[in-house]
1. Out of the strands (runs of 3 or more DSSP E) lying entirely within the range 1-49, which hold 2 or more residues that are in contact with a Pro (Cβ under 6 Å, 6 or more places away or on another chain) and of a type outside the set (Ser, Thr, Tyr)?
2. In the range 63-81, is there at least one residue being without any contact (Cβ under 8 Å) to a residue 12 or more places away in the chain and either open to solvent by 20 Å² or more (accessible area, probe 1.4 Å) or in a helix (DSSP H, G or I) (or both)?
3. Filter the range 133-159 down to the residues that are in a strand (DSSP E or B) and either closer than 16 Å to residue 113 by Cβ or open to solvent by less than 90 Å² (accessible area, probe 1.4 Å) (or both) and list them by number.
4. For residue 15, are the conditions met, namely being of a type in the set (Lys, Arg) and closer than 19 Å to residue 147 by Cα?
5. Considering 113, 101, which residue is open to solvent by less than 60 Å² (accessible area, probe 1.4 Å), in contact with a Gly (Cβ under 8 Å, 6 or more places away or on another chain), at pLDDT 90 or above and within 26 Å of residue 163 (Cβ to Cβ)?
6. Find all pairs meeting these conditions: Cβ atoms under 7 angstrom apart; at least six residues apart or on different chains; first residue within the range 32-61 and touching a residue at least 12 places away in the same chain (Cβ under 8 Å); second residue of a type in the set (Lys, Arg) and not in a strand (DSSP E or B).
7. Just to check your reading of the model, which residue among 101, 9 is touching a Ser or Thr at 6+ places or on another chain (Cβ under 9 Å), of a type in the set (Val, Ile, Thr) and closer than 30 Å to residue 178 by Cβ?
Amino acid sequence: AKNHRSLQILARQFKDRTVQKQYLAIVWGKFETNSGIIDRPIGRHRSQRKRMSSRFAHSRTREALTEWNVEKCLELKADARSTMSVTLLRLRPKTGRTHQIRVHLADLGYPLIGDKIYGRRSRSDSKKTAAISLLDNFPRQALHAESLEFTHPNTGLRIEFKAALYDDIDQLIKELEKQRVG
């Protein structure tokens, strides 16, 4: 915001949940349905105070709501005898809790690729495939803030800002598509 008045108006929009945010994420696993809403309160983790959780939260939690849609599911060769899936999701958080998307997905068993805090541990298996190695070595969270929409504080017009997908995530998706099974 360029001035205090605009800051107050924008802060009010976030509080009233009229700001719309949209993210793309690549997660471990395959969802059973193509869309849904995660409605799980989030708070500080009981024993790991630097983490947040919707499963093992301390008694003080706050409402957290995340809407999601599957964009694409890719089945990959995990090793010589088995396959595994990763999913590209579109997410719309309706609330703005600390680490909300990361916590919701991890607590449901679908952690973000590359998430060092809430993600899964990489496999040290020397027989892992190129696709699994690529995923295990992705250097950051595979999470992209795609768009932000709000009402302009001065004009009152609804405006939307979009960010193109970063090259590293775009390349990851392309590489995974090449290596998909079937």
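1. Numbers: elements: 20-28, 35-39, 42-45.
Per the criteria, 20-28.
2. Quick first cut of the range 63-81, residues without any contact (Cβ under 8 Å) to a residue 12 or more places away in the chain only: 81.
From what is left, the residues that are either open to solvent by 20 Å² or more (accessible area, probe 1.4 Å) or in a helix (DSSP H, G or I) (or both) are 81.
Among the residues of the range 63-81, at least one is without any contact (Cβ under 8 Å) to a residue 12 or more places away in the chain and either open to solvent by 20 Å² or more (accessible area, probe 1.4 Å) or in a helix (DSSP H, G or I) (or both), which makes the answer yes.
3. Taking the range 133-159 and keeping what is in a strand (DSSP E or B), we get 143-151, 158-159.
Passing the criteria: 143, 144, 145, 146, 147, 148, 149, 150, 151, 159.
4. Working: of a type in the set (Lys, Arg): yes; closer than 19 Å to residue 147 by Cα: yes.
So residue 15 fits the description; yes.
5. Exactly one residue qualifies, and that residue is 113.
6. 42/97; 45/51; 54/40; 57/46; 58/46
7. Details: 9 fails: closer than 30 Å to residue 178 by Cβ.
The conditions single out 101.
The values are calculated or read from the model by the stated rules, or taken from the named source; none is laboratory data. Quick caveat, the model's predicted, so the values are computed rather than measured. When we count neighbours, we look across all protein chains shown, and the Cβ atoms used for this are built from the backbone with ideal geometry, even at glycine. Note: accessible area is taken over every heavy atom of the protein model, side chains too, but ligands, DNA and RNA are not part of it. Shrake-Rupley method; radii C 1.70, N 1.55, O 1.52, S 1.80 Å.
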